[in-house]
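Since the structure comes first, as structure tokens, the remarks are kept for the end.
The values are calculated or read from the model by the stated rules, or taken from the named source; none is laboratory data. What you see is a predicted model; the values in this text were computed from it and never measured. Glycine also receives a Cβ, built like all others from the backbone with ideal geometry; neighbour counts cover every protein chain displayed. Areas reflect the complete protein model, heavy atoms only, side chains present, ligands, DNA and RNA absent. Shrake-Rupley method; radii C 1.70, N 1.55, O 1.52, S 1.80 Å.
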Amino acid sequence: MDRLIAGHKRFLAEVFPGRRAQFHLLAEGQAPEWLFITCSDSRVLPDLFLGTGPGDLFISRNAGNVVPPAGYEGDGVTATIEYAVEVLKVKSAIVCGHSDCGALKAALDPAGLQKLPRAHRWLRHVDGAFAHRQPLNPADGESAELASLIRGNVVAQLLSLKAQPAVVHALGEGRLTVHGWYYDILSGRIEAYDEGAEAFVALVG
Ligand SMILES: [Zn+2]
């Protein structure tokens, strides 16, 4: 814990004073523009790679950046989506997968999940990835098969997101856009899924 406590001391001494006015405003409420659904993976830091900060992203994280199907009851992800879309009225919802994702590694090798019954149950939600596997990309090297499945999972979860009742409602009113992204840890680059072309393309050329 020492490292965390030292970090918090630094925040109080060096960061907070310079941003006091911003936090004063944020203490009154939030109005984030973006719902960001991503994996729990410790290497995925959206505020770092998107240049966002306090009040910007409404974030839901779970193993495998899953959006459970519309009929699935009682999970935190769908409740978070409903709140973000219906109450906060975010303008965009983004599902962001990432390279080297352990959730998809497990999907490729489910024997490793035998002692993890809850993870095993949860990761059934990534099964849709197999039907949406993307073409192998030589740039992914030895991880090409895994990366194609991770991108497939982004497509599957994006479809599931679009089937959420709140999202259907907001899309119908034309007040929401939805996006599927793949974040590559090694290069730092993001690819966005182009639904028309049915392909992932660089977010920044
Ligand atoms: Zn992951």
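Placing R0 at 45 angstrom, the Cβ-Cβ distance between VAL204 and ARG10 gives a FRET efficiency of 0.90 after rounding to 0.05. For the chain, a simple Cβ point-charge model (Lys and Arg +1, Asp and Glu -1, everything else neutral) yields a dipole of about 540 debye relative to the Cα centre. For segment 155-205, what class follows from the C-alpha gyration tensor (a ≥ b ≥ c being the square roots of its eigenvalues): rounded when a/c is under 1.5, otherwise prolate if a/b is larger than b/c, else oblate? Taking the square roots of the gyration eigenvalues as a ≥ b ≥ c, segment 155-205 is prolate. Per residue of the chain, the DSSP helices (runs of n ≥ 4 H) give a summed -39500 (n - 2.57) that works out to -10000 deg cm²/dmol at 222 nm. Rolling a 1.4 angstrom probe over the protein heavy atoms with all chains in place gives segment 19-174 an accessible area of 51 Å² per residue.
Surface composition of segment 39-176: carbon plus sulfur atoms hold 56% of the accessible area, using a 1.4 angstrom probe and ignoring ligands, DNA and RNA. Note that segment 1-121 shows a convex hull volume over its alpha carbon atoms of 156 Å³ per residue. Based on the convex hull around the alpha carbon atoms, the chain presents an average projected area of 14.0 nm². Sort segment 63-126 into rounded, prolate or oblate with this rule: let a ≥ b ≥ c be the square roots of the eigenvalues of the Cα gyration tensor; rounded if a/c is under 1.5, and if a/c is not under 1.5, prolate when a/b is larger than b/c, oblate otherwise. Oblate, since a/c reaches 1.5 and b/c is not below a/b.
For LYS91, neighbours were defined as the other residues whose beta-carbon sits under 13 Å from its Cβ, and their charges (Lys and Arg +1, Asp and Glu -1) total -1. Only one residue of PRO46, PHE23, VAL66 has its Cα farthest out toward the positive end of the dipole of segment 1-80, where Lys and Arg carry +1 and Asp and Glu -1 on Cβ, and that residue is PHE23. Full extension of the chain between ARG20 and GLU145 yields a length gain of 40.3 nm, computed as 0.36 nm times the residue separation minus the alpha carbon distance. Between SER40 and LEU171, the contour length at 0.36 nm per residue exceeds the Cα-Cα span by 44.5 nm.
Mean separation of Cα pairs under 8 Å and 6 or more residues apart, divided by the residue count, gives the chain a relative contact order of 20 percent. Would you mind classifying segment 100-172 by shape? Square roots of the alpha carbon gyration tensor eigenvalues, ordered a ≥ b ≥ c; an a/c under 1.5 is rounded, otherwise it is prolate if a/b is larger than b/c and oblate if not. Verdict is oblate for segment 100-172.
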